[in-house]
Amino acid sequence: MQNNKVRKQLMMVFLSFIICHLSFCSAAAQTVSSPNGNIALTFAMDGTRPQYEMTYKGKAVVKPSHLGLELAKDKHASRGMNETDLMDGFTVKDTKTTAFDETWKPVWGETATIRNHYNELAVTLQQEGGREILIRFRVYDDGIGFRYEFPQQKDLNYFLIKEEHSEFAMAGDHTAWWLPGDYDTQEQETQETKLSEIRGRMNNAVNWGNSSVAVFSETGVQTSLQMKSADGLYINIHEAACIDYATMHLELVDAQTKALSTKLGGGSNAYTPNPKPSPYPLPAPFTFVSHLTPDATGLKGCMQTPCETPWRTVMVSDDARDMLSSNLILNLNEPCKLEDTSWIHPTKYCGVWWEMIVGKSSWNYTDEFPSIQLDKIDWTKVKPNGRHAANNEKVRRYIDFAAENGLDQVLVEGWNVGWEDWANMWKRDVFDFVTPYPDFDIKALNDYAHSKGVKLMMHHETSSSTQNYERHIKEAYELMNKYGYDAVKTGYVGDMIPRGDHHYSQSMNNHYLYVVKEAAKHHIMVNGHEAVRPTGLCRTYPNLVGNESARGTEYEAFGGSRPDHTCILPFTRLQGGPMDYTPGIFETKLNTWSNNQSWARITIAGSLALYLTMYSPLQMAADLPEHYAKYMDAFQFIKDVACDWDDSKYLEAEPADYITVARKAKGTDNWFIGGKCDENGHKSVIKLDFLDKGKKYDCTIYADAKDAHYEHNPKAYVITKRTVKKGDTLKLTEAPGGGFAVSLMAR
């Protein structure tokens, strides 16, 4: 009897504990939905660790996933550094929910206006001892963003980040389109596998021959990462507003994560397993964990409060077109900080570039010297090699071509001294950015260009020597102002100097933004190549008009890219901002005019489509003028197509298969349509429901011929003209590796 009474009392205590615990969990958990109700984000505490989960129309997108940062121990802790981790030991101090809705106008973009509409949850967490952090969630109709914020406080002033541990637990073994995780390059070809197949594909996926490679894991991938679930959800993970912070990669937890990894590749760039794994337990399989880019010391971040991390973003939809039309990344960035933006303008350009990439001409002026010290060469006495492309005669021909065809600018690479040994990746003082070669008359050429209504575009290859560039940048930009340049293409080829740093570290991200800010002071637009992948900063600093940051057209001269390459990039690389892909190659077989045996895997009609499907306010006609002269009827589309838009409508889309988009040119009633497909070809049915009612349009269609094929008949195209109106339908067949382009000029 007594034992039964004791058992009942113990049971009542246990049940009371369970009820109280469940009540606490229920009280601690908070759910915030998107304005349309399709997305729900739930925050809760897993004991003393914060976690979140996300659903779309009731389907799991992100399963319960932990959040937190692991801090580094520092020998200067007595100076205010506190190495206690921000991973656990938290209680919820406060929560606030708010709603926000605005419409803003980008300086340039895919649409004239952008709606920024979200519901927000801000959770203040406190550790024992009093330290606080705030995790802010924003829930949009097309996805979520969250970031860590660190208020200024006595017990959290300076701190060093060992690693950020933001988790993204996927609900299954999704199909993924991914690039190998790398601290220094995005110039890889996208892989398509199941999540469980990433490890097995990794070694062959890496472009080990790139000028700078730093792969960190057998299951590490880059963002923007595009996935598709078995039940038809399109999911994308990226980041927004990466300022004063290291670029985030993702590391996948799979069945072999705890096992000893084999060494990838070879040499100094090979991946070596981390001998000191994190003390925190691994999450469930198919979970991605954030992995930050280290600096030369191995640290992932040096912070001073008040500060915050970039936003971590998850986009989701059951329609692939929504991935391409999303403005989530832009909306999570701060509004424009430039008071005057009147000098920023979309630009269409050609340039002295492709023939050097192919190998027919050279950037360097002479072959006399094995190395160059800029202050010890009398360039008037140097013997030219006869292959230098940036010469007065050739640049004038490009200026004439631009003027005759309505192009705004002419890029000239190799104009400045120092190219003879620029590829020595450890040379610090490689360029001064102001001294031209003897055969490049900078004043006369700019005067000639301006007389034709054309500008020259500056080129600053830094050879990844950032300190050298920053030493010379004021003088270089003043030179540009003197001669009327308003745009610069920067480059960061090779390993970083200071030595040991990486292209995507906190310090390098600060450098890229410093360049953009300094350029803005001089009313200069920036197009960065080999720089960090964009995270929407072009909203805040719209003079950042373009980036490369991916495997661009130049790789068509380095062995080529698969036909589906340009059907993937809009889902991945372009999520963070426009890409200077340098499209427009018409002479695809390079050995017809050079000794290069590579070839571009695209048809002429497909090349035209890229001006629509690869959005950028900066578009290049990349081929040689003499090549375009043979196909001027097709080149007409490049002359006509706009670079800035009032509206964009994605009509068809499937990652790596096909993309069709219609865009309305800024300030006009004219529309342009582009469709690009992979190696399988595609049949498009386009309903012209987006046209204005009552208007008629002169429709010109640039399509693949019936026998066109990217391999054996890439130049076969057909141009047809007709009159169309709202409600009409176009039925177009894209050849393997091909596409189409359509201009619709309102009468």
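The values are calculated or read from the model by the stated rules, or taken from the named source; none is laboratory data. Predicted model, so just to flag it, every value in this text is computed and none were measured. All Cβ positions, glycine included, derive from the backbone under ideal geometry; neighbour counts span all protein chains shown. SASA here: full protein model, heavy atoms, side chains in, ligands and nucleic acids out. Shrake-Rupley method; radii C 1.70, N 1.55, O 1.52, S 1.80 Å.
Applying the criteria of a DSSP loop state and at most 10 other Cβ atoms within 10 Å to the trypsin sites (Lys or Arg not before Pro) of segment 660-723 yields 693, 706.
Residues in segment 309-329, backbone N under 17 Å from the label point at residue 98 (7 Å along the Cα-to-beta-carbon vector): list them, ranges by number please. So the set is 309, 311.
Net charge in the neighbourhood of residue 619 (other residues with Cβ under 11 Å of its Cβ; Lys, Arg +1, Asp, Glu -1) is -2. Compared with the alpha-carbon gap, the fully stretched path from residue 208 to residue 122 is longer by 26.6 nm at 0.36 nm per residue. Listed by chain and number, the aspartates and glutamates placed with their C-alpha closer than 13 angstrom to that of residue 726 are 669, 689, 692, 698; residues fewer than eight positions away on the same chain are left out.
Site pair residue 695 and residue 325 shows an inter-label distance of 1.8 nm when each label is modelled 7 Å from Cα along Cα→Cβ. A Förster radius of 22 Å combined with the Cβ-Cβ distance from residue 683 to residue 722 puts the calculated FRET efficiency at roughly 0.70. Net charge of the neighbourhood of residue 236, taken over other residues with C-beta under 15 Å away and scored Lys/Arg +1, Asp/Glu -1, is -3. Close amide-amide hydrogen proximity is noted between residue 188 and 551, each under 5 Å apart and 5 or more residues distant or on a separate chain (H modeled in the peptide plane; Pro and chain starts excluded).
Computed packing ranks the peptides 459-471, 122-134, 723-735 as 459-471, 122-134, 723-735, most packed first, by mean other Cβ atoms within 10 Å. Using a cut-off of 21 Å between Cα atoms, the listed pairs 376/443; 482/517; 376/517; 105/482; 649/693; 687/721 include 376/443; 376/517; 105/482 as exceeding that distance. Here the peptides 597-604, 43-50 are ranked by packing, the mean other Cβ count within 10 Å, and the order with the highest first is 597-604, 43-50. Each of 112, 84, 98 was placed along the dipole of segment 80-121 (beta-carbon charges, centred on the mean Cα), and the one lying farthest toward the positive end is 112. Full extension of the chain segment joining residue 115 with residue 589 gains 166.2 nm, where the gain is 0.36 nm per residue of separation less the Cα-Cα distance.
As an exercise, use a Förster radius of 56 Å and the Cβ-Cβ distance of residue 84 and residue 434 to find the FRET efficiency, rounded to the nearest 0.05. Approximately 0.65, to the nearest 0.05. Hey, how many Å between the Cα centroid of segment 655-689 and the Cα centroid of segment 86-119? First find each Cα centre; the distance between them is then 31 Å.
Placing a pseudo-label 7 Å from each Cα along the Cα-to-Cβ vector at residue 443 and residue 631 gives an inter-label distance of 4.2 nm. Using Cβ point charges alone (K and R +1, D and E -1), the dipole size of the chain about the Cα centre works out to roughly 1320 debye. Based on Cα contacts under 8 Å between residues 6+ apart, segment 144-262 shows a relative contact order of 24 percent. Within the accessible area of the chain, the carbon and sulfur atoms contribute 50%, probe 1.4 Å, all protein chains present. When the C-alpha to C-alpha distance is required to be over 19 Å, the pairs from 664/695; 489/715; 489/521; 348/666 that qualify are 489/715. Using the Cβ of residue 198 as centre and a radius below 9 Å, the other residues enclosed give a net charge of 0, where K and R count +1 and D and E count -1. Taking 7 Å steps out from each Cα toward its Cβ at residue 29 and residue 514 produces label points 4.8 nm apart.
Length available on full extension from residue 474 to residue 452: 0.36 nm per residue minus the Cα-Cα distance, which gives 5.1 nm. A 1.4 Å probe run over the chain, with the rest of the protein chains in place, finds 39 Å² accessible per residue. By the Kirkwood approach, averaging reciprocal distances over each pair of separate Cα atoms, the chain gets a hydrodynamic radius of 27.4 Å.
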